[in-house]
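Enquirer: Before I ask anything, here is the structure I am working with.
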Amino acid sequence: MSDLRGAISVAGIGNTNRWNAPGRTAFDQLQEATFLALEDAGLSLKDVDALYCAHSTSGLPVLNAAERLGIAGQLRHADGTMVGGASFLFHLRSAMSALATGQCDVALVCYGSNQRSAGGKLAPMPDPQPFEAPYKPRYPLSSYALAAGRHMHDYGTTREDLAQVAVAAREWARMNPAAFEREELTADDVLSARMVSDPLTKADCCLVTDGGAAIVLTRTDRARDLRQPLLPVLGSGIAVSHRQIASMPSLSETAAKHSGAAAMAQAGVRPDDIDHVMVYDAFTICTLMFLEDLGFCPKGEGGAFVSSGAIAPGGSLPVNTNGGGLSCNHPGMYGLFTLIEAVLQLRGQAGARQVDGAEIALAHANGGVLSSQATAILGTEAAL
């Protein structure tokens, strides 16, 4: 994979920004995001010969999306890997290999959800775990609460530390006109919110929204001639550690340690080389643990790091600058949106929340109950 550093680029992005869209199906959202991404790249559906998608409520998402988009007959490569919210960064890694080896020329990674308008609740997974189901956990809340509690036990992390994660996300969201939640949020608001699974309150939990997202990938030599500034993928890494939380090797350390190390090794960078970070914040404990496991602060010091103001606007490390899953949007599977915000920042197109001089960005996604991890590092042409 080291030979792929910079060989593939993100040519286009699409984001519907429709977080509550009654009457639009999940595939309506996916289709709109696809058109937006192709238009952004200066390409069309007839150029797409590889399709990657996953879905929490469709058992055959590639087939459904290919038929809906009218591209089934022209596909030369497809992948429907489903590992939860990290699926799309797994797809990115798969597409890099397929593009580099000539199995396809233009790859589309896409997703859509109507989770909020179709009911407003987290969609239940179709595979309840036999050793946990008898205890009737609140999936996935109880699993993340268990990890949060263990981190508190092991390292002295406090609820106040977790609250600072939510506050920082909201401060970024207040600079993003597309964010779903933009009202002021204080640490006291987080701590006094309704407890849903101790030690996590409602404000420690991600939003439930609709939404659609898509990215278009192609070889860097072709991307140079397309509409947008060149944004090569410098590195990627994936890791899988368990399915049910009871089988997680360590409740206070995730496999982001492995996916992040692989991505950074391929990219030839270290954490202090990275200007902008997007992590999958389904719950406040996720941000804290991923920052540790990706190497942005020592293990066990994530609480102190976020409480120092480091990840908020004006801090030393811009994290989740769109507002994240906690305040911008979270349509069931959020991973693709981490990539989209990273692209906007590297292009200099993030408006009031723009990170000055951003040349290298890291996007990290999580799936299941801290079960699958995927990391991608993107850069500007200057970072090649």
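The values are calculated or read from the model by the stated rules, or taken from the named source; none is laboratory data. Keep in mind that this is a model prediction, so the values were computed, not measured. With ideal geometry, Cβ positions are generated from the backbone for all residues, glycine too; neighbour counts draw on all protein chains shown. Calculation scope for accessible area: heavy atoms of the full protein, side chains included, ligands and nucleic acids excluded. Shrake-Rupley method; radii C 1.70, N 1.55, O 1.52, S 1.80 Å.
Enquirer: Normalising by the residue count of the chain, find the relative contact order in percent from Cα pairs under 8 Å and 6+ residues apart.
Expert: Working: 935 pairs, mean separation 99.1, N = 384.
Value for the chain: 26 percent.
Enquirer: Report, in cubic angstrom per residue, the convex hull volume of the C-alpha atoms of region 14-167. All intermediate terms of the calculation are to be shown ahead of the outcome.
Expert: Working: hull volume 26.2 nm³, N = 154.
Each residue corresponds to 170 Å³ of Cα convex hull volume.
Enquirer: With springs only between Cα atoms under 10 Å apart, run a GNM on the chain and tell me which of Glu32, Glu160, Glu171 wobbles the most.
Expert: The residue with the greatest mean-square fluctuation here is Glu160.
Enquirer: What does the accessible area per residue of the chain come to in Å², with a 1.4 Å probe and no ligands, DNA or RNA counted? Walk me through the numbers on the way to the answer.
Expert: Details: 14180 Å² over 384 residues.
Computed with neighbouring chains in place, this is 37 Å² per residue.
Enquirer: Counting only residues 5 or more places away or on other chains, whose amide H sits under 5 Å from the amide H of Leu51 once H atoms are built in the peptide plane?
Expert: His77, Ala78, Asp79, Leu108
Enquirer: If I model a spin label at Thr186 and Ala118 as a point 7 Å from the Cα along the Cα→Cβ vector, what separation in nanometres do I get?
Expert: Rounded to a tenth, the inter-label distance reads 3.9 nm.
Enquirer: Sticking with this structure for a sec: Counting only residues 5 or more places away or on other chains, whose amide H sits under 5 Å from the amide H of Asp210 once H atoms are built in the peptide plane?
Expert: Those lying under 5 Å, H to H, from Asp210 are Asn20, Ala21, Arg116, Ser117.
Enquirer: Run the dipole for region 96-165 about the Cα centre, Lys and Arg Cβ at +1, Asp and Glu Cβ at -1, nothing else charged, and hand back the magnitude in debye, nearest 20.
Expert: Working: 6 positive and 6 negative charges, 70 e Å.
Result for region 96-165 is approximately 340 debye, rounded to the nearest 20.
Enquirer: Could I ask something else about it? Of Ala193, Ala239, Ala261, which has the largest mean-square fluctuation in a 10 Å C-alpha GNM of the chain?
Expert: Of Ala193, Ala239, Ala261, the most mobile in the Gaussian network model is Ala193.
Enquirer: Sticking with this one: Can you give me the Kirkwood hydrodynamic radius for region 288-384, using every pair of distinct Cα atoms, in Å to one decimal? Before the final figure, lay out the partial values.
Expert: Values: mean 1/r = 0.0701 Å⁻¹.
That comes to 14.3 Å for region 288-384.
Enquirer: Another question, then. Trypsin sites (Lys or Arg not before Pro), restricted to region 132-224: which are DSSP loop and have at most 16 other Cβ atoms within 10 Å? Before the final figure, lay out the partial values.
Expert: Numbers: sites: Arg138, Arg150, Arg159, Arg170, Arg174, Arg182, Arg194, Lys202, Arg219, Arg222, Arg224; in loops: Arg138, Arg174, Arg182, Arg194, Arg224.
The qualifying sites are Arg138, Arg182, Arg194, Arg224.
Enquirer: Using a probe of 1.4 angstrom, how much of the accessible area of region 345-384 is carbon and sulfur, in percent?
Expert: Values: 460 of 1090 Å².
Using a 1.4 Å probe with all protein chains present, region 345-384 comes out at 43 percent carbon and sulfur.
Enquirer: Ignoring ligands, DNA and RNA, what percent of the 1.4 Å accessible area of region 125-191 is carbon and sulfur?
Expert: Whole-percent figure for carbon plus sulfur exposure: 53.
Enquirer: Dimensions of region 93-245 along principal axes (Cα, Å, largest first)?
Expert: Extents along the principal axes: 53, 42, 38 Å.
Enquirer: Hey, for a label at Gln74 modelled as a point 7 Å past Cα toward Cβ, could you say which residues of region 19-51 have their backbone N under 18 Å away?
Expert: 31-51
Enquirer: When only C-alpha pairs under 8 Å and at least 6 residues apart count, what is the relative contact order of region 37-77, in percent?
Expert: On the way: 30 pairs, mean separation 18.3, N = 41.
Over region 37-77, the number comes to 45 percent.
Enquirer: Calculate, axis by axis, the spread of Cα positions in region 259-318 along the three principal axes, and write the results as whole Å, longest axis first.
Expert: 31, 22, 20
Enquirer: List every residue whose amide H lies under 5 Å from the amide H of Val10, counting only residues 5 or more places away in sequence or on a different chain, with H placed 1.01 Å from N in the peptide plane.
Expert: Leu231, Val233
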